[in-house]
Amino acid sequence: MNNVIRMCRGFVICLNRQSVKSVQREFHSTDPRFDQPPKVDVVSVDSFNNVKDKNKKTYLDMLRVYQMEKYRSGHVEFINTAIKHMDEFGVNEDLETYKRLIQVLPAGKFVPQNYIQSEFMHYPKHQQCIIDLLQKMEDNGVIPDWEVEDMLVKRFGTRGFPVRRYWRMMYWMPKFNNLSPWPIPKPAPNDPYELALLAIKRISSIDIESEIKVYKTKQLEESIEDTWIVSGQSPDQKNLVANHPENVPIYIEGGFRIWLRKQSIIYFILRTEPSPAIQNEEEDEDDVSNFRVPFFDQPNRKTSNKIAKNKTVHEQEDGTILAVAATGTSSKNSLLSWIRFLEKDGNPRLSHIPILFTSKSPLGNVEPLSELDESKKEVEQSKQKVPIE
């Protein structure tokens, strides 16, 4: 029976004493082949916060250093941390950076082998991580290309949930990319003057005859500031100013904020009260002297002898818009210069009409002028200096 061989936990052990001693010697060997490889710590939030120069180059360098690690782990945690800091490094609208983040995951490891794995979301954390990455692309208006599809197919297969999300993005995003009638360059300009031109053109596009003009306040002798004014007014609005009664005031309301992608600009409007509507004659519903049966008599069409004037597009229920403008300083002095320019540019009647500044508007929320902000800050500082007993 000494030659009988038995299997014990995958090792072939002979029952004779010599073979047992040899097996024991092998287990007590000092060979380092059984040592486990060292673990690499996952990149923490401090790794991105401690970077001094936050730009695209340093961001891609961190991704490359992570991919160079031989025994790297924590792919999902690293990608989620990197996504949170994309806005700080200014790479949230860069397609190349999104591709590099997808390449952090190894190819071929997460591909489902059958329909059950594909439908039950094989490796759910990894798939959800890439879905969040695609959602970040959609939020920032970044349209993926065909190379992104190849990367996703190599990592999750053709039936992976990130690939399905990619197909939906490629169907809808190109359709909505150029639908806006007011195209804005991407990225939007940072210069307030260029933003003002784009904003006033968009607001004045409701009337195709509107004219956009740029004024320089230094051209006025009574002007205090040296800034620019972008004004928009149509011929219909000039006619409304010419026919406006002198005893009814005109209001300068604003500022209102308009967003152009991720940039904003403040504009002001010249508004007056709406024109009174023509009231029709009221009928007494209890009067049966002229009773009509709708089944036999012809319907009584209500007619009026009053003449109503067709309203322009600028005459709304909450007021009549006479002009719109944006200034470089958004101050009261620049708005006064705007009125002086309008008087010289086909609106001489404005010199005889009272013009008032208002801090409220029925059109929406109003941001106060810069002078009001400074006065509020001075009041708050004075309150802080007063000791409280």
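The values are calculated or read from the model by the stated rules, or taken from the named source; none is laboratory data. Just so it is clear, the structure is predicted and the values come from calculations on it, not from any experiment. Cβ atoms come from the backbone with ideal geometry, glycine included; neighbour counts cover every protein chain shown. These accessible areas exclude ligands, DNA and RNA; they are computed on the full protein's heavy atoms, side chains included. Shrake-Rupley method; radii C 1.70, N 1.55, O 1.52, S 1.80 Å.
Just one of Ile184, Ile203, Ile224, Ile229 is assigned to a strand (DSSP E or B) and either touching a residue at least 40 places away in the same chain (Cβ under 8 Å) or within 18 Å of the chain's Cα centre (by Cα) (or both); which is it? Spell out how you get there, then give the answer.
Details: Ile184 fails: assigned to a strand (DSSP E or B); Ile203 fails: assigned to a strand (DSSP E or B); Ile224 fails: assigned to a strand (DSSP E or B).
Exactly one residue qualifies, and that residue is Ile229.
I need every pair where a residue in segment 144-157 that is in contact (Cβ under 8 Å) with a residue 24 or more places away in the chain and surrounded by fewer than 18 Cβ atoms within 10 Å (Cβ to Cβ) has its Cβ under 6 Å from the Cβ of a residue that is among the hydrophobic types (A, V, I, L, M, F, W, C) and assigned to a loop (DSSP other than H, G, I, E, B), sequence separation at least 6 or different chains.
These pairs meet every condition: Lys154/Ala107.
If you take the residues of segment 262-281 that are at pLDDT 70 or above and farther than 30 Å from Pro187 by Cα, which of them is most open to solvent (accessible area, probe 1.4 Å)? Step through it out loud before you land on a result.
Let us first name the residues in segment 262-281 that are at pLDDT 70 or above, namely 262-277.
Keeping just the survivors that are farther than 30 Å from Pro187 by Cα gives 270-277.
On the way: Leu270: 1, Arg271: 11, Thr272: 6, Glu273: 89, Pro274: 49, Ser275: 50, Pro276: 120, Ala277: 75 Å².
Within segment 262-281, the match that is most open to solvent (accessible area, probe 1.4 Å) is Pro276.
Residues of segment 240-263 being without any contact (Cβ under 8 Å) to a residue 12 or more places away in the chain and part of a strand (DSSP E or B), which ones?
Hit for segment 240-263 is Trp259, nothing else.
Looking only at segment 340-370, filter to residues that are of a type in the set (A, V, I, L, M) and at pLDDT 90 or above; which one of those is surrounded by the fewest Cβ atoms within 10 Å (Cβ to Cβ)? It would help to see each step written out before you state the result.
Step one: filter segment 340-370 for residues of a type in the set (A, V, I, L, M), giving 342, 350, 353, 355-356, 363, 366, 369.
From what's left, at pLDDT 90 or above: 342, 350, 353, 355-356.
Details: Leu342: 25, Leu350: 19, Ile353: 17, Ile355: 15, Leu356: 9.
Among those residues, the one meeting the criterion is Leu356.
How many of the residues making up segment 209-239 are surrounded by 19 or more Cβ atoms within 10 Å (Cβ to Cβ) and under 14 Å from Thr320 (Cα atoms)?
Matching residues across segment 209-239 total 3.
Return a yes/no flag: does segment 188-206 have any residue that is within 21 Å of Leu342 (Cβ to Cβ), at pLDDT below 95 and among the acidic types (Asp, Glu).
So far as segment 188-206 goes, no, none of its residues is within 21 Å of Leu342 (Cβ to Cβ), at pLDDT below 95 and among the acidic types (Asp, Glu).
For segment 245-263, how many residues meet the condition of being among the polar types (S, T, N, Q) and touching a helix residue (DSSP H, G or I) at 6+ places or on another chain (Cβ under 8 Å)? If you could, list the steps in order and put the result at the bottom.
So the first thing to find is which residues in segment 245-263 are among the polar types (S, T, N, Q), and the list is 247, 263.
Still in the list and also touching a helix residue (DSSP H, G or I) at 6+ places or on another chain (Cβ under 8 Å): 263.
Total meeting the criteria: 1.
For Tyr193, indicate whether it is touching an Asp or Glu at 6+ places or on another chain (Cβ under 7 Å), open to solvent by less than 100 Å² (accessible area, probe 1.4 Å) and hydroxyl-bearing (Ser, Thr, Tyr). Working first, answer last.
Numbers: touching an Asp or Glu at 6+ places or on another chain (Cβ under 7 Å): no; open to solvent by less than 100 Å² (accessible area, probe 1.4 Å): yes; hydroxyl-bearing (Ser, Thr, Tyr): yes.
Answer is no for this residue.
Go through segment 135-160 and give me each residue that's within 22 Å of Ser73 (Cα to Cα) and either in a helix (DSSP H, G or I) or aliphatic (A, V, I, L, M) (or both).
Met151, Leu152, Val153, Lys154, Arg155, Phe156
Among the residues of segment 162-169, is there at least one that is buried (at least 17 other Cβ atoms within 10 Å of the Cβ) and either in contact (Cβ under 8 Å) with a residue 40 or more places away in the chain or not in a helix (DSSP H, G or I) (or both)?
First pass over segment 162-169, keeping only residues buried (at least 17 other Cβ atoms within 10 Å of the Cβ): 162-163, 165-166, 169.
From the residues that got through so far, the ones that are either in contact (Cβ under 8 Å) with a residue 40 or more places away in the chain or not in a helix (DSSP H, G or I) (or both) too are none.
Scanning segment 162-169, I find no residue that is buried (at least 17 other Cβ atoms within 10 Å of the Cβ) and either in contact (Cβ under 8 Å) with a residue 40 or more places away in the chain or not in a helix (DSSP H, G or I) (or both), so the answer is no.
Please work out which residue is most open to solvent (accessible area, probe 1.4 Å), limiting yourself to segment 240-258 and to residues that are under 25 Å from Leu198 (Cβ atoms) and not hydrophobic (A, V, I, L, M, F, W, C). Please lay out each step first, then the result.
If we filter segment 240-258 for residues that are under 25 Å from Leu198 (Cβ atoms), which is where we start, we get 252-258.
Next, from what is left, pick out any that are not hydrophobic (A, V, I, L, M, F, W, C): 253-255, 257.
Working: Glu253: 3, Gly254: 6, Gly255: 1, Arg257: 102 Å².
Here the residue is Arg257.
Could you list all residues from segment 112-130 that are part of a helix (DSSP H, G or I) and crowded, with 17+ Cβ neighbours inside 10 Å?
Quick first cut of segment 112-130, residues part of a helix (DSSP H, G or I) only: 115-119, 124-130.
Passing the criteria: Ser118, His126, Gln127, Cys129, Ile130.
I need every pair where a residue in segment 76-88 that is more than 12 Å from Lys136 (Cα to Cα) has its Cβ under 8 Å from the Cβ of a residue that is of a type in the set (Gly, Ala, Ser), sequence separation at least 6 or different chains.
What qualifies is Thr81/Ser44; Thr81/Ser47.
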